[in-house]
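Report on the structure given below.
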Amino acid sequence: MIIRMAKVEIVGPKQDLLNTLDLLHNRGIFQPDPHLMEQVVLAEDDRLQTLVLDENELRERSFFQDLQERVTTLLELLPKNSNGSSRLQPLPVMALLDELVDQHLAAARDQVGILNECRRNAEDLQHDLSFWEALEPLLEDLPKDSNLELFGVTIRDVRQLQNLDSLLQERTQGRCYISSTTTADGTLIGLIATDKGTAGNLREALTAERVPELHLPEELAGLPLPQRITALRAQLTIQLNKCNQFELRLIDMSRRWRPIYRQALAWLEERLALYRATATAYTTRLCFIIQGWMANDEVDSLHDDLNRSFSGRVVLEQQVIIEEDLDQVPVMLRNPGYFAPFEILSRLLPLPKYSSYDPTPLIGLFFPVLFGMTLGDIGYGVVLMMLAFFLARHFPAHTLASDIGKVLGIAALYTLVFGVLYGELFGDLGETWLGLHPVWFDRGKAVVPMIVFSLTVGAVHILLGMTLGALTELRRHQPRKALIKLAMLVAVVLMVLALVGWFYPQSWLSTGPLLIGVGILMPVLIAAEGLLAPLELLKTMGNIISYVRIMAIGFSSILLAMVANRLGGMTGDIMVGILVGGTLHAFNLLLGVFAPTVHSLRLHYVEFFSKFLDLGGRRFEPWQKRHP
């Protein structure tokens, strides 16, 4: 349901403004609306203006903003941890935190800088180690006691490798050896060996060809390759240990100070939010004025809080919501137990306007009925009931999965009820095995009665929507529009009765007078609505006919279930039959959940809600504190 809202005005001395805003933030039940100030009427010598902060307030706001930025930067540098809390009362120690945050920020920046440098060094060492470890097997192709100069290079592709081999052989007169391999990340690398006399020419050739050579620290460059790898591993271990030490220091600092600064930041954000909220307040020479919205049932408690906190200096007055305000009134939806889970379906739509209706209760009443009418099978209903029970019990309340489970459980209950009426248990399996017979009619055979039933439901549903549309116009004090919608409603009723009399003649139901009544109403509707009136009448009749989809989807479901039973029985083997029939029934159940859900919602959203629901409302977003 749409909670009844109240338009209120809060007035008090200027010096009490920030404390009043703080109280409103703590309560979290008031949404300011500066546009309402346009309706305020004052004495001739008074003039409304936006609030201008004095020098001390501006200095305090600037101090808090600067401190907020530094605390935010510090928290971004410190590692996140879920442990630790603080009982800090921020306001008395803000000056102390102003000094401490600079010290901690400098220390954190130093530690983060050292840690990042350490990690970069470790990454470089890891890269070098991976490079030389990949080259290590190539040493087996070299003489064991050779005094060769070794070069490790990175190569773009195989073509460059071939060109490089030809070039080096030419530059060194064949006194070099090159072999290649691939690293774990797919990089092509090469090991070049030559004697020390030609090493200089070879290095010049590599530079000319822009082939990057892996450079090692000086203390490692002169070592044989196996010793290089051992030394790299040792250095990498040392570097990783250093990184762990620096990281532990940051973690220790975060464990000690992060809870304090996190609470201080939350306080600063709330305090600065109060300063920003002053933009919604207007002042005269002596007082401030705030206008806004809140739930009607919260007005008395807020009035008492203001009196208790300010000894009557700050006054709250509830004002009349005039017609011009209706489009501005924010909307808050709140539904009791049974209807609450159905909000997952109503949230697919934009918010209704305050003067309209909450679609949630209507979905809660009619969606399960349409779903059950469409699926209507005892066996499928039992399976869905077990699935719904699992979702509702194994997920926390008010979560999406839990709400889906509750909605599915209600829909499954109606599926069971209509399954009994139709006499269906996994299609015709109940009739074959248990002698189950329909209480009402067999929709697999009685197609015409099912069509009539679907159209009857559609007519009732659409006529209810049109009735709600007329009531909506009356609530908005639009009697002319209400009468037009009521006349359209009467025309639709006459058309429906005329069609019933045409197909099912009755002595008390004469088609002629009914059509005459429609003919009398049409000129009235055309005069009021123009040529769109006949089109609207045809559209409404088309909306009613759309409910035939209930019959069509249900009919396809029962046929597929019967096919599953026939194919399972034709296998000649119990286990294979259960497998085949069970697979088809599972597929049919999947379709039986998806199709009734989609089409039942479409009948609500398009055919039903279009008759009365006015969407595009503003969400109620009160001031409230954000908890760290």
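The values are calculated or read from the model by the stated rules, or taken from the named source; none is laboratory data. Quantities reported herein were computed from a predicted structural model and do not represent experimental measurements. All Cβ positions, glycine included, derive from the backbone under ideal geometry; neighbour counts span all protein chains shown. Accessible surface areas use protein heavy atoms only, side chains included; no ligands, DNA or RNA. Shrake-Rupley method; radii C 1.70, N 1.55, O 1.52, S 1.80 Å.
Under the classification rounded if a/c is under 1.5, otherwise prolate if a/b is larger than b/c and oblate if not, where does the range 340-439 fall, given a ≥ b ≥ c as square roots of the Cα gyration tensor eigenvalues? Here the range 340-439 falls in the oblate category. Surface composition of the chain: carbon and sulfur atoms hold 60% of the protein heavy-atom accessible area at a 1.4 Å probe.
Ligands, DNA and RNA are left out, and with a 1.4 angstrom probe the accessible area of the chain is 53 Å² per residue.
Summarising the label geometry, the points placed 7 Å from Cα in the beta-carbon direction at Thr230 and Asp124 lie 2.5 nm from one another. For the peptides 486-498, 366-378, the ranking by mean Cβ contacts within 10 Å, running from highest to lowest, is 366-378, 486-498. Peptides 420-427, 157-164 ranked from most to least packed, by the mean per-residue count of other Cβ atoms within 10 Å: 420-427, 157-164. Placing one equal scatterer on every Cα of the range 357-611 and applying the Debye formula, the log10 ratio I(q)/I(0) at q = 0.09, 0.12, 0.13 Å⁻¹ is -0.51, -0.81, -0.90. Helical runs (DSSP H, four residues minimum) scored at -39500 (n - 2.57) apiece and divided by the length of the chain put the mean residue ellipticity at 222 nm at -20500 deg cm²/dmol. Packing-based ranking of 524-531, 335-342, 451-458 yields 451-458, 335-342, 524-531, ordered from highest to lowest mean Cβ neighbour count within 10 Å. Shown is the FRET efficiency for Lys445 and Arg475, computed with R0 = 51 Å from the Cβ-Cβ distance and rounded to the nearest 0.05: 0.65.
Listed here are the pairs Lys353/Lys611; Lys445/Lys539; Lys7/Lys485; Lys7/Lys481; Lys7/Lys353; which of them are more than 19 Å apart at the Cα? Lys445/Lys539; Lys7/Lys485; Lys7/Lys481, as the Cα separations exceed 19 Å there.
A Förster radius of 41 Å combined with the Cβ-Cβ distance from Ile322 to Leu535 puts the calculated FRET efficiency at roughly 0.75. Helix 17-27 and the longest principal axis of the C-alpha atoms of the chain enclose an angle of approximately 80°.
When the square roots of the Cα gyration tensor eigenvalues are ordered a ≥ b ≥ c, the ratio a/c for the chain is 1.5 or more and a/b does not exceed b/c, which makes its shape oblate.
Normalising the average separation of contacting C-alpha pairs (under 8 angstrom, six or more residues apart) by the number of residues puts the relative contact order of the chain at 21 percent.
Assuming R0 = 45 Å, what is the FRET efficiency of Arg334 and Ser311, from their Cβ-Cβ distance, to the nearest 0.05? With R0 = 45 Å, the Cβ-Cβ based efficiency is 0.85.
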